[in-house]
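Beneath this line is the structure, given in structure tokens, with notes to follow.
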Amino acid sequence: VGKGGFGEVFKMEHKTNGSTMAMKQILISKNRKVSKIKYLIFEEVEILSKLKHDNIIKILSYQNDENHLSIFFEYLPDSISSVYKTSGAFKESNCRTIITGVLNALVHIHSEKVVHRDLKGDNILLKGDHPYIIDFGLSHKFDRESHSTFYSNAGTHFWQAPEVRLNIIGECGRSSDIWSLGCTIVEMLVGGNPWQNNKIEDEIHPPIPPNLSVNLRDFLNACFLISPEVRPSAKKLLNHPWI
């Protein structure tokens with residue numbers, strides 16, 4: 001049902017009770033970077049095991065052998081991106097409901113000193129208007145209280161914050177997730193790539209669609225503040241008038 005940088009996701013059915021689940025499987029027998037892949041997968045398992053929240057996908061179990069690493073999750077068929085591909089762009093009201101859930105999840109993720117690093121429509125599953133953040137394969141744990149603790153060009157290009165895209169040492173952190181959140185909102189509103197046909201180097205941030213409420217425009221402008229140090233936290237954004 002899906003494919004990522006480290007493996008594939010399959011829909012599984014329990015032989016006994018007929019329940020469905022998703023399995024993320026990574027083939028390691030032919031991978032030269034086995035130790036690095038194992039580290040990333042085990043870190044994803046560790047992160048998901050401690051992130052208990054109603055807007056974060058639940059890990060059911062995991063297993064590994066000499067050829068594969070597998071993680072089992074609850075199965076949800078729809079994502080933000082699959083919905084707009086079949087039904088068109090989201091309305092602002094639906095977008096608000098979904099993003100409120102995503103923000104609640106981000107507050108919890110960041111409070112546990114984790115940065116997701118790949119927030120986008122593909123990585124937010126939906127059950128109606130209830131969102132579940134998935135795919136913590138690129139997530140990073142940090143120990144210091146500082147919002148910025150590492151640098152890495154991780155994530156998906158069109159959703160990356162400037163400091164991530166440019167690999168600016170010491171500026172990539174929780175605020176980078178906020179930029180990606182803004183990109184995801186634009187993605188929902190336009191029904192596709194948040195940058196549309198614009199080149200990233202030609203724009204300061206993804207073009208904000210017309211005909212939005214004043215509050216949503218202000219919310220997006222806050223997400224797209226260039227300096228990560230002044231971008232509002234997820235907790236602060238939950239108190240924004242648009243929410």
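The values are calculated or read from the model by the stated rules, or taken from the named source; none is laboratory data. The structure presented is a predicted model; accordingly, all values stated were derived computationally and were not measured. As a convention, Cβ positions derive from the backbone with ideal geometry for all residues, glycine included, and neighbour counts pool all protein chains shown.
Taken as a whole, the structure places LEU125 among residues that are under 25 Å from HIS157 (Cα atoms), at pLDDT 95 or above and in a strand (DSSP E or B). Of the residues making up the stretch 184-204, just one is among the acidic types (Asp, Glu) and under 15 Å from the mean Cα position of the chain (by Cα), namely GLU187. Restricted to the stretch 143-190, and to residues there that are part of a strand (DSSP E or B) and within 17 Å of ILE226 (Cα to Cα), the residue that is modelled with the highest pLDDT is GLY173. Given the structure, is ILE109 crowded, with 16+ Cβ neighbours inside 10 Å, farther than 19 Å from ALA154 by Cβ and of a type in the set (A, V, I, L, M)? Considered against the rule, which asks whether it is crowded, with 16+ Cβ neighbours inside 10 Å, farther than 19 Å from ALA154 by Cβ and of a type in the set (A, V, I, L, M), ILE109 comes out as no. Looking at the stretch 54-74, can you tell me whether even one residue there is crowded, with 20+ Cβ neighbours inside 10 Å, at pLDDT 85 or above and closer than 25 Å to ARG165 by Cβ? No. Being in a strand (DSSP E or B) and in contact with a helix residue (DSSP H, G or I) (Cβ under 8 Å, 6 or more places away or on another chain), is that true of even one residue in the stretch 81-100? No. Mind checking whether some residue in the stretch 96-118 is assigned by TED's automatic domain parsing to the domain that holds LEU189, modelled with pLDDT of 95 or more and under 15 Å from ASP78 (Cα atoms)? Yes: the stretch 96-118 contains one or more residues that are assigned by TED's automatic domain parsing to the domain that holds LEU189, modelled with pLDDT of 95 or more and under 15 Å from ASP78 (Cα atoms). For beta carbons closer than 9 Å, sequence separation of 6+ or different chains, a first residue in the stretch 223-236 that is outside any loop (DSSP other than H, G, I, E, B) and a second that is at pLDDT below 95 and charged (D, E, K, R), the qualifying pairs are ALA234/ARG174. Per the conditions (1) within 18 Å of the chain's Cα centre (by Cα); (2) under 22 Å from VAL115 (Cα atoms), the sole criterion not satisfied by ILE226 is (1).
Pairs linking a residue in the stretch 44-60 that is of a type in the set (Ser, Thr, Tyr) to a residue that is assigned to a strand (DSSP E or B) and modelled with pLDDT under 95, with Cβ atoms under 7 Å and 6 or more positions apart or on different chains, are SER49/ILE59.
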